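Here the structure comes first, spelled out in C-alpha cells, and everything after it is commentary.
FYI, it's all coordinate maths here, none of it is from the lab. Quick caveat: nothing in here was measured; it's all calculated off a predicted structure. Here the Cβ is made from the backbone with ideal geometry for all residues, glycine too, and neighbour counts use every protein chain on show.
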Amino acid sequence: MSVWGHIARSLEREEPCALVTVATARGSTPRENGARMVVWADGQFSGTIGGGTLEFEALRWSRQALDSGTQGVEQRTVSLGPDLGQCCGGRVDVAIEILEPAQLPMARMLAKREAERVPFATRARVRSGVAVERAIVDLSEEPGFRLEEDGTLLETFGDYRRPLYLFGAGHVGRALILAFAPLPFEITWLDSREEAFPKAVPGNVRKLLLNRDERSVVESLAQAPDGAFVLAMTHSHALDEDIMAAGLAQQRFTYCGVIGSATKRARFEKRLKARGLAPAVISAMVCPVGVPTIRSKHPAAIAAGIAADLLERDEAARQKTARPKELARFRAGAQ
C-alpha cells in the first residue's frame, strides 16, 4: 500500500487524514504488526488492518480523532474476543495518528522514498499533543511499528516485492499481470512483440521489449537480481527453451517455471540435457506451472493458479532467507 503517497496528496488538498497502524499483534489477529490504513473525515479509507469489527471501530476512532483535531499518536488496546466479539482471540494495539497540512514536507519526502518500492525505516520522537516528524534511518531491522518507553518511534514502510521476470504477453500473460497487480511482486514483463503489450499496465509492472534470440534472453536475465522468479509463457516453444536454459544455468533464481504439459517437460528435459545442463539443475525446472488441481483452461483461472502457487513459494522462500540479506540482494538488483 502507498501510505505516504495517499497522505501527501491529502495534505496537498489541505485535508487532514488519520494514519492507523497495527502497533502490536499478539495471538490470532486479522493482520500483522505494521499493517496500515489511511482514513479521511468523510469515512473514506485506503488500506486495511484486517476488516471486521476491529477495522469498523478503528474507522470510528479515527473520525473522532479527526473531529477533535488531536495531534500526535494515540494507542488503543483491544482484546478481539471480549471487547469486539470477534472469534480470532488475539489482542491488538492500534495506533492512530492525525496528520495536518503543516506536515506536507515530511509526507512528500517519505512519499518520494516510498515510490522507490524498497522498504525503508524512520525514527521519530512522540510527545503528547505534538505532530510527529519522521527522519529516514538505516534499515538495520524491520520493526514494523515500535514505540519505546522514552517516546522513540521506529517504523518500517514499503514492502519487499519479489522480482518476477515474466516472458510472454499472450492471453495468459495478460491475465497473470492483472492477477499479480495487488500482490507483493515487482514484474519485468518481456515479449518480442511490442504490439502484444497493453498500453496501460499496473504500477508494479515494467514492460521490456525482447529480441527473439538466445543472446537477448541471456542479457535480460543477467539484469535480474538473485532470488528472482523466472516464468516463461511465450508464443514460441524454442524461446521458452532458451529462457529455461539461461535461467537454470545461472543457478541463482529461486524459481524457474515454464507453462506447458508433462509432455513439454519431458521434451525440455531431453533438450536441456543436450545443451549440457546437469540433471540436478534441470530438475529445478517447474513444468507444468500453477496449482495442479485447477483444471480450467480459462486464462484467468490459469493465472489464478499460477499466482497462488508463486505466492506460496515466495512466502516459503522468505522464511528460509535471512531478511537483511534478501533486502540487500533486492536493492542491488533495483539499482
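Tabulated results
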{"item": "Along each principal axis, Cα extent of the range 180-299, largest first, Å", "result": "40, 35, 26"}
{"item": "Above-threshold pairs, the threshold being 30 Å between Cα atoms, out of Lys207/Lys264; Lys199/Lys270; Lys199/Lys264; Lys199/Lys273", "result": "Lys199/Lys270; Lys199/Lys264; Lys199/Lys273"}
{"item": "Point-to-point label distance, Glu195-Ser296, nm (Cα→Cβ direction, 7 Å offset)", "result": "3.1 nm"}
{"item": "Charge context of Pro16, other residues only, Cβ under 14 angstrom, K/R +1, D/E -1", "result": "-4"}
{"item": "Cα shape, the range 128-215, gyration tensor, a/c 1.5 rule", "result": "prolate"}
{"item": "Degrees separating the helix 237-250 axis from the principal Cα axis of the chain, which is the longest one", "result": "70 degrees"}
{"item": "Selection of GluC sites (Glu not before Pro), the range 1-98, meeting DSSP coil and at most 10 other Cβ within 10 Å", "result": "Glu14"}
{"item": "Degrees between helix 299-320 axis and first principal axis of the chain (Cα, 0 to 90, nearest 10)", "result": "70 degrees"}
{"item": "Calculated P(r) of the range 273-312 - Cα pairs past 14 Å, %", "result": "55 percent"}
{"item": "Charged-residue dipole, Cβ positions (Lys, Arg, Asp, Glu), the chain about Cα centre, Debye nearest 20", "result": "1320 debye"}
{"item": "The chain, Cα convex hull volume normalised per residue, Å³", "result": "156 Å³"}
{"item": "Surface/4 estimate of mean projected area, convex hull on alpha-carbon atoms of the range 3-157, nm²", "result": "8.7 nm²"}
{"item": "Under 19 Å from Lys297, Cα to Cα: aspartates and glutamates that are on another chain or at least 8 residues apart", "result": "Asp309"}
{"item": "Helical mean residue ellipticity (222 nm; -39500 (n - 2.57) per DSSP H run of 4+; nearest 500) of the chain", "result": "-11500 deg cm²/dmol"}
{"item": "Separation in nanometres of the label points that stand 7 Å from Cα toward Cβ, at Lys264 and Ser128", "result": "6.5 nm"}
